[in-house]
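Visitor: This structure is in structure tokens; I'll ask about it shortly.
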Amino acid sequence: MTRTPVASRLFEAANLGTLRLPNRLVMAPMSRNRADDDGVPSPIMATYYAQRASAGLIIAEAATPNAVGQTYPNIPAIYNQAHVAGWRQVTDAVRAAGGRIFLQLEHGGRIGHPDTSGLMPIAPSPVPLPDTIFTSSGHLASVVPREMTLDEIGSTVADFASAARNAIDAGFAGVEVHAANGYLIQQFLAQGTNHRTDAYGGSVAGRIRFALEVVQAVGDAIGPERVGLRIAPGVTVNGIREGDTGSIYPALLGALADKGLAYLHVVFADPDQPLFHDIRRIWPGTLIANPVLPWPGPLPADGGRREGERLLAAGADLVALGRAFLANPDLVERLRAGAPLNPVRDRGLMYAGGEIGYTDYPVLAADRDRDRAPEPVAC
Ligand SMILES: Cc1cc2nc3c(=O)[nH]c(=O)nc-3n(C[C@H](O)[C@H](O)[C@H](O)COP(=O)(O)O)c2cc1C
């Protein structure tokens with residue numbers, strides 16, 4: 001079958017800090033729960049990420065910066081030397097395949113459970129997740145997190161910085177601070193989860209303080225040009241309720257605009273929303289937009305290409321796609337060739353399991369071989 005190659009700004013090269021990206025497609029961070037029980041990345045994770053090395057940039061899945069920050073079972077971590085060694089195999093494999101890779105740092109805050117981490121979760125305030133949570137013992141009622149002391153706030157900031165140093169030691173080009181999707185940093189930002197009356201709560205200035213301290217400490221540790229920040233203004237995932245989204249983000253981003261960060265990454269980026277344009281106005285640096293395609297799916301036939309182009313036209317610099325990369329190791333080549341995409345298989349394989357539904361998605365060459373395979377002969 002002949003296909004017409006697609007011309008698109010998505011395939012133009014771009015600069016990101018000191019990196020030269022061959023295209024503007026970013027693989028969004030996606031937890032796949034394939035680390036061992038101690039959070040050490042498994043060898044198949046190296047295969048999985050290396051398969052996707054043609055992305056302009058890979059942002060590897062959320063890794064926990066300390067033990068109490070663990071969200072779910074088999075989430076990778078980045079706070080000891082075994083974690084560094086495990087991740088080193090991943091970054092070596094990606095580099096050998098010609099790719100570029102950042103690591104996302106995520107502390108779960110109230111999204112955690114003693115059955116998973118062995119520790120009582122901590123959060124800005126003792127407000128539980130209004131839902132069950134997936135744990136090492138299956139789905140359980142969430143627990144009331146313990147309110148963080150000022151000492152714990154300080155040590156958590158330090159843990160993010162130390163995790164970032166570990167990530168660089170493990171060979172990552174940089175880290176992404178996860179301030180989205182209802183995890184610890186967004187719990188500080190949001191009125192619904194932050195009832196503190198000290199310097200880390202109350203006004204917008206108080207609620208953004210923790211995020212600013214984390215980004216500052218991580219930037220001091222590894223250089224701001226190697227630090228990205230992920231935000232999800234207004235999302236309600238994981239029971240988050242910000243209250244004053246329109247005030248939080250201009251204040252947060254205004255305070256970070258001149259810090260020389262590698263990028264800002266916005267989830268649910270939508271050019272039809274005024275906030276997207278406000279963010280573009282405030283943020284002088286690289287803006288990665290993640291459009292969030294129909295959820296839970298199926299994905300559009302073009303894998304998000306047109307939506308990505310719309311975001312570039314509206315001022316984004318790079319476009320992050322998640323599930324399209326999950327199911328298509330050679331997504332860039334497929335989009336460029338106008339080739340059909342693999343659909344995402346069984347959702348149960350997203351967050352668990354081994355190689356099946358992980359490293360066994362076919363690439364175009366395999367499709368071509370299959371097309372050419374002789375018909376089975378009955379005998
Ligand atoms: C299996 C899976 C795991 C995810 N894990 C993370 C994660 O670790 N960190 C994060 O910030 N977002 C995570 N997300 C959200 C994605 O980064 C992305 O925002 C979402 O999939 C929407 O993009 P898409 O429509 O292109 O898939 C995850 C999504 C999926 C499907």
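Visitor: Take the conditions at negative phi, surrounded by 21 or more Cβ atoms within 10 Å (Cβ to Cβ), of a type in the set (Val, Ile, Thr) and more than 18 Å from the chain's Cα centre (by Cα) and apply them to Val319. Does it pass?
Guide: Working: at negative phi: yes; surrounded by 21 or more Cβ atoms within 10 Å (Cβ to Cβ): yes; of a type in the set (Val, Ile, Thr): yes; more than 18 Å from the chain's Cα centre (by Cα): no.
So Val319 does not fit the description; no.
Visitor: Further question on the same structure: Suppose we filter Leu326, Leu299 for residues that are modelled with pLDDT under 95 and either open to solvent by 40 Å² or more (accessible area, probe 1.4 Å) or under 23 Å from Val363 (Cα atoms) (or both); which single one remains?
Guide: Numbers: Leu326 fails: modelled with pLDDT under 95.
Selected residue: Leu299, the only one of Leu326, Leu299 that is modelled with pLDDT under 95 and either open to solvent by 40 Å² or more (accessible area, probe 1.4 Å) or under 23 Å from Val363 (Cα atoms) (or both).
Visitor: Oh, and also: In the stretch 130-207, which helices (runs of 4 or more DSSP H) lie fully inside it and hold 2 or more residues that are open to solvent by less than 40 Å² (accessible area, probe 1.4 Å) and closer than 19 Å to Val84 by Cα? So that I can check it myself, show each step before the final result.
Guide: Numbers: elements: 150-169, 184-189, 204-207.
Per the criteria, 150-169.
Visitor: Okay, moving on. What are the residues in the stretch 91-115 that are outside any loop (DSSP other than H, G, I, E, B) and free of Cβ contacts under 8 Å to residues at least 40 places away in the same chain, if any?
Guide: The initial filter retains those residues of the stretch 91-115 that are outside any loop (DSSP other than H, G, I, E, B), namely 91-96, 101-105, 114-115.
Passing the criteria: Pro114, Asp115.
Visitor: Sticking with this one: From the residues in the stretch 221-244 that are of a type in the set (Val, Ile, Thr) and open to solvent by less than 40 Å² (accessible area, probe 1.4 Å), which one is nearest to Ile111 (Cα to Cα)? Steps first, answer last, please.
Guide: The first filter runs over the stretch 221-244 and keeps only residues of a type in the set (Val, Ile, Thr), leaving 222, 227, 231, 235-237, 240.
Okay, now just the ones that are also open to solvent by less than 40 Å² (accessible area, probe 1.4 Å), so 222, 227, 231, 235, 240.
Details: Ile222: 27, Val227: 24, Ile231: 17, Val235: 16, Ile240: 11 Å.
Ranking the qualifying residues of the stretch 221-244, first place goes to Ile240.
Visitor: Residue by residue through the stretch 38-54, note down the ones that are touching a residue at least 60 places away in the same chain (Cβ under 8 Å), open to solvent by 30 Å² or more (accessible area, probe 1.4 Å) and in a helix (DSSP H, G or I).
Guide: In the first step, residues of the stretch 38-54 are kept if they are touching a residue at least 60 places away in the same chain (Cβ under 8 Å); the result is 44, 47-48, 51-52, 54.
With open to solvent by 30 Å² or more (accessible area, probe 1.4 Å) added as a condition, the list becomes 44, 47, 51, 54.
The answer is Ile44, Thr47, Gln51.
Visitor: Residues that are open to solvent by less than 50 Å² (accessible area, probe 1.4 Å), away from the ligand (no atom under 16 Å from the Cβ) and part of a loop (DSSP other than H, G, I, E, B): does the stretch 82-90 have at least one?
Guide: no
Visitor: Could you go through the stretch 55-71 and let me know if any residue there is assigned to a strand (DSSP E or B), away from the ligand (no atom under 11 Å from the Cβ), within 17 Å of the chain's Cα centre (by Cα) and buried (at least 22 other Cβ atoms within 10 Å of the Cβ). Please lay out each step first, then the result.
Guide: Our first condition is that a residue be assigned to a strand (DSSP E or B); within the stretch 55-71, this holds for 57-64.
Next, only the ones that are away from the ligand (no atom under 11 Å from the Cβ) stay: 57-58.
Still in the running and within 17 Å of the chain's Cα centre (by Cα): 57-58.
With buried (at least 22 other Cβ atoms within 10 Å of the Cβ) added as a condition, the list becomes 57-58.
For the stretch 55-71, residues assigned to a strand (DSSP E or B), away from the ligand (no atom under 11 Å from the Cβ), within 17 Å of the chain's Cα centre (by Cα) and buried (at least 22 other Cβ atoms within 10 Å of the Cβ): present.
Visitor: Condition first: among the β-branched types (Val, Ile, Thr), surrounded by fewer than 16 Cβ atoms within 10 Å (Cβ to Cβ), under 28 Å from Pro41 (Cα atoms) and away from the ligand (no atom under 12 Å from the Cβ). Can you find one or more residues in the stretch 329-339 that meet it? Break it down into steps so the answer makes sense when it comes.
Guide: Within the stretch 329-339, the first condition is being among the β-branched types (Val, Ile, Thr), and the residues that meet it are 332.
Filter once more, so that each one left must be surrounded by fewer than 16 Cβ atoms within 10 Å (Cβ to Cβ): none.
No, the stretch 329-339 contains no residue that is among the β-branched types (Val, Ile, Thr), surrounded by fewer than 16 Cβ atoms within 10 Å (Cβ to Cβ), under 28 Å from Pro41 (Cα atoms) and away from the ligand (no atom under 12 Å from the Cβ).
Visitor: How many residues, within the stretch 1-30, are under 17 Å from Leu103 (Cα atoms), part of a loop (DSSP other than H, G, I, E, B) and open to solvent by 30 Å² or more (accessible area, probe 1.4 Å)?
Guide: So in the stretch 1-30, the residues under 17 Å from Leu103 (Cα atoms) come out as 16-19, 21, 25-30.
Still in the list and also part of a loop (DSSP other than H, G, I, E, B): 17-18, 28-30.
Keeping just the survivors that are open to solvent by 30 Å² or more (accessible area, probe 1.4 Å) gives 17-18.
Residues meeting the conditions: 2.
Visitor: Assess whether Gly109 counts as being in contact with a strand residue (DSSP E or B) (Cβ under 7 Å, 6 or more places away or on another chain), open to solvent by less than 30 Å² (accessible area, probe 1.4 Å) and under 24 Å from Asp198 (Cβ atoms). Please lay out each step first, then the result.
Guide: Numbers: in contact with a strand residue (DSSP E or B) (Cβ under 7 Å, 6 or more places away or on another chain): yes; open to solvent by less than 30 Å² (accessible area, probe 1.4 Å): yes; under 24 Å from Asp198 (Cβ atoms): yes.
Spelling it out, Gly109 is indeed in contact with a strand residue (DSSP E or B) (Cβ under 7 Å, 6 or more places away or on another chain), open to solvent by less than 30 Å² (accessible area, probe 1.4 Å) and under 24 Å from Asp198 (Cβ atoms).
The values are calculated or read from the model by the stated rules, or taken from the named source; none is laboratory data. Values in this document were obtained by computation on a predicted structure and should not be read as measured data. Cβ coordinates were reconstructed from backbone atoms using ideal geometry, including for glycine residues, and neighbour counts include every protein chain displayed. Just so you know, the surface numbers come from the protein's heavy atoms only, side chains and all, with ligands and any DNA or RNA stripped out. Shrake-Rupley method; radii C 1.70, N 1.55, O 1.52, S 1.80 Å.
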